[in-house]
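The values are calculated or read from the model by the stated rules, or taken from the named source; none is laboratory data. For clarity, every value in this text was computed on a predicted model and none was experimentally measured. Cβ placement follows ideal geometry from the backbone for every residue including glycine, while neighbour counts extend to all protein chains displayed.
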């Protein structure tokens, strides 16, 4: 019964709070100017997740600080009955995580890092780099990625929703 009330309380708080505020309520250490999507998941040990400044994540990002596969060992080895596998996760400053990214126990993500959609992150990811894949591998330096993408940039970030829509429809010749 107690678990049911806790689930209801968490669901209610998640719906009332911003994603950032709810993450802090759970114990996530969150830097300044972070933008969390409402569909970010911090698992059962959110207090073991540390995120730096200027962080942005897309939808369905999972921070997993534990490994449930120890249940298999618990059944096979009596000495493992009370063991868990739990490690903290740390994320540096100025990091972007694409949608459907999973961060595994013990991951350490440096600063100025972009991680592509659908990636599975484990181990240490060095700063100033772009990663993608399962498991996430370094694709290129952040500077190389900037040079590659720069010609495709559209200056729409300062536009309101209506003006941005009009601009993009003209730019891409979208029929009305």
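Listed values, structure above:
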read-out	value
Breaking point among (1) surrounded by 11 or more Cβ atoms within 10 Å (Cβ to Cβ); (2) at pLDDT 95 or above, for residue 32	(1)
Where residue 148 falls short, out of the listed (1) part of a loop (DSSP other than H, G, I, E, B); (2) within 25 Å of the chain's Cα centre (by Cα)	(1)
Filtered residue count, region 35-72, keeping only those that are touching a helix residue (DSSP H, G or I) at 6+ places or on another chain (Cβ under 7 Å), farther than 20 Å from residue 88 by Cα and surrounded by 14 or more Cβ atoms within 10 Å (Cβ to Cβ)	1
